[in-house]
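Below: one structure, written as structure tokens.
The values are calculated or read from the model by the stated rules, or taken from the named source; none is laboratory data. Everything numeric in this text was worked out from a predicted model, so none of it was measured. Every residue, glycine as well, gets a Cβ built from its backbone with ideal geometry; the counts of neighbours run over all protein chains shown. Quick note on the areas: whole protein, heavy atoms, side chains included, nothing else; ligands and nucleic acids left out. Shrake-Rupley method; radii C 1.70, N 1.55, O 1.52, S 1.80 Å.
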Amino acid sequence: MRIYSKNEFVGLIIFAVLAILVLPGLNAYTSEGSLLHVSNFSINLWGKYLTLATLAVSVDLLWGYTGLLSLGQSLFFSLGGYAFGMHLMLLIGKLGQYKSNLPDFMVFLGYQKLPALWEPFYNFWFASAAAMWAPGLVALCLGFLTFRSRIKGVYFSILTQAVTYAAYILFLTNDVGFGGNNGLTDYKFVLGHDIRLGETQRGLYIASAILLLLTYMGCRWLISTKFGKVQRAIRDSETRVLFSGYAAANYKLFVFVISAMIAGLAGALYVPQVGIINPGEMAPEKSLEVIVWVAVGGRATLFGPIIGAIFVNALKSWATRAYPDYWLIILGGLFIVVVLFMPKGIVGLPAQIKALLTRRKEEEDEPVVTITPVEEAKP
């Protein structure tokens, strides 16, 4: 069975060479005055874009291929970020403001010792695994209760949004031990390397590119299997799938958990590159933004969400500097334009233009029928 088309395979090779070899190479081995030099700032910025693109792919796997519009994907993204952020906080040691082995916010809040929950996060591998299993476990519990109750459609979207908002409120409080409103920040090391150095940021960028590539390949493989066909059948008509004897709830639960784990890994790589994780990442608008990325790029295409995430975030970087008060209006306007005039997103635009030109050409080539008036009969 052929998983990739020829063009897609070539595109993956080009992406791998450019993103994993060329850009980091230009950053590392060219001088700063050179035209070919890629700055540390650009590497860091693209690293963030790639993690957000991975998040968008996880949403597309749910929404585009299974028909589940989850408005809680930012919760899983944040849980992955918190899991790795806890590890980074513990690596600060006595280099914090209070010169204590406890994270600064714990000293400020009067903690006398490290909570037992934090102890395993000294281990890098445990923290990395937690970035996957913590979101996956939450998705498993939420999905099990939701899908077994046959909650779907707009009710599923509202439920995921409500759970995310509840988590947002919970994490804002200081009592849960995750830094409250300020979150976890002031990281200094990762795997023994200074997190502020260019080579460390380059390594994080490469890890982000590899994660996106593996996520894309894994999702493409899943979609090409019999499982993927059932997945799309659930999207198109869940009732027919049930009548065919398939347990649709199990399929949906599996996809929900997988997409949560992907989002968690993306969050784990996002946090060291932006230097902070706080409850703001769980705010309702964050999940809505991801939906816009997928819609703009083109849902149910895998490649479209990557384009959408990078395009919208690049636009955001520009707009929040040039027109900071109008960003939400620009984002809303973009979403309306896409819904009304570009239903298949950016990746569907060439086919849409081609169909329009073909229809216009057919109209021009259509023979003109002239109607000759019939002369009135003479008396």
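The modelled label-to-label distance between THR173 and PHE341, using points 7 Å beyond Cα along the C-beta direction, is 4.8 nm. In units of the compact-protein estimate 2.2 N^0.38 Å, the stretch 102-252 shows a Cα radius of gyration of 1.40.
Pairs exceeding 31 Å between alpha-carbon atoms, taken from LYS6/LYS48; LYS188/LYS286; LYS226/LYS316; LYS99/LYS286: LYS226/LYS316; LYS99/LYS286.
Ligands, DNA and RNA are left out, and with a 1.4 angstrom probe the accessible area of the stretch 97-141 is 62 Å² per residue. Taken one residue at a time, the phi angles of the stretch 93-98 give Karplus couplings (6.51, -1.76, 1.60, θ = phi - 60°) of x, 8, 8, x, 5, 9 Hz. Gly and Pro are set to x. The residues of the stretch 256-379 present an accessible area of 59 Å² per residue when probed at 1.4 Å with all protein chains retained. The per residue volume of the convex hull around the alpha-carbon atoms of the stretch 224-305 is 124 Å³. Ligands, DNA and RNA left out, the 1.4 Å accessible surface of the chain is 66% carbon and sulfur atoms. Ranked by the mean number of other Cβ atoms within 10 Å of their residues, highest first, the peptides 257-265, 230-238, 333-341 come out as 257-265, 230-238, 333-341. Within the P(r) computed for the stretch 131-194, what percentage of the Cα pairs occupies the region above 20 Å? The answer is 50 percent, as a whole percent.
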